[in-house]
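Read through the structure below, which is laid out as structure tokens, and then see the notes.
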Amino acid sequence: MRGRSGELAEVAESGLVTRRGTFRAVAFRDEPGGPEHLALVRGDVRSGEDVLVRVHSECLTGDVFGALRCECGDQLGGALDEIARAARGVLVYLRGHEGRGIGLVAKVRTHVLQDERGLDTIDSATALGLPVDVRDYGPAARVLHHLGVGSVRLMSNNPDKVAALEEHGIRVAARVPLLAPAHDGNVRYLTAKRDRMGHDLPQLGAVSRA
């Protein structure tokens, strides 16, 4: 179990050379037997204020295979680009967050309902008796504390993520939009996030509200 101070259960660090340059890879486990996560660190962030940070939920279909149903892959690449340009920042990749925490098999089952019955990302989950969002951002907060980050400029369109990090003791100095282009493949998904989950997505423009 985690100690009272919230320290991580396991941590391993190394350099990681990528097409965007070299990062410090901080692999960690928040609790024994829990998922392994990864933080990619650029520059000196210890005791840093207003560090550019992205807390990214695992999305195998979008991040790895480039699925167009969501904007996850675009956001992951865009966040890494911004951190590389700033030469200082952290991307926290949280595993176990697939489908907002329901898992890969259940997520694919929701896709069937979306395609065959026209349900949105929320109704397709609840139709299966699944929760809409059970993600835990505590591990991200704890690794940021471990890295010595003082406050963050959070790359996110989700005000709830700001609140979740602040509940875990991370001061969010600003929320930085991380917008992906809307297109035929993702517009229904983005519209549901805007209209039903409160995400700030101005790129949808004149797309009508549900």
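Bear in mind these aren't lab numbers, they're just calculated from the coordinates by the rules spelled out. Nothing here was measured: the structure is a model prediction, and the numbers come from that model. Positions of Cβ are generated from backbone atoms using ideal geometry, with glycine treated the same way; all protein chains shown enter the neighbour counts.
Extents of the chain, taken as max minus min of Cα coordinates on every principal axis and listed largest first, are 48, 36, 31 Å.
Among the trypsin sites (Lys or Arg not before Pro) in the stretch 149-210, those placed in a DSSP loop whose Cβ has at most 12 other Cβ atoms within 10 Å are R209.
What the phi angles of the stretch 181-192 give under the Karplus curve with 6.51, -1.76 and 1.60, with θ = phi - 60°, is a coupling list of x, 8, 8, 4, x, 10, 5, 5, 5, 5, 5, 5 Hz, glycine and proline written as x. Amide H contacts under 5 Å for M155: V53, R54, V55, V176, restricted to partners 5 or more places along the chain or on a different chain, H placed in the peptide plane at 1.01 Å from N. Only DSSP H runs of four or more residues enter the estimate; each adds -39500 (n - 2.57), and after division by the residues of the chain the mean residue ellipticity at 222 nm equals -9500 deg cm²/dmol. Over all Cα pairs of the stretch 35-151, how is the pair count split among 10 Å bins, expressed in % and running from 0 up to the last occupied bin? Percent of pairs per bin, in order: 14, 39, 29, 15, 4, 0. Here the Karplus relation 6.51 cos²θ - 1.76 cosθ + 1.60, evaluated at θ = phi - 60°, turns the backbone of the stretch 17-25 into coupling constants of 8, 10, 5, 9, x, 9, 10, 8, 8 Hz, with x for every Gly and Pro. If the viscosity is 1.306 mPa s and the temperature 10 °C, what Stokes-Einstein diffusion coefficient in µm²/s follows for the stretch 1-88 when Rh is the Kirkwood radius over Cα pairs? The estimated diffusion coefficient comes to 109 µm²/s.
Which percentage, to the nearest 5, of the DSSP beta bridges contained in the chain is antiparallel? Counting DSSP beta bridges with both partners in the chain, the antiparallel share is about 60 percent.
Derived scalar couplings between HN and Hα for the stretch 85-99 equal 5, 6, 6, 6, x, 9, 10, 9, 9, 9, 7, x, 9, 3, x Hz in order, rounded to whole Hz, by the Karplus curve 6.51 cos²θ - 1.76 cosθ + 1.60 (θ = phi - 60°), x for Gly and Pro. Our summary gives the chain a relative contact order of 20 percent, counting only alpha carbon pairs under 8 angstrom and 6 or more residues apart. Of the peptides 177-186, 15-24, 81-90, the ranking by mean beta-carbon count within 10 Å, highest at the top, reads 81-90, 177-186, 15-24.
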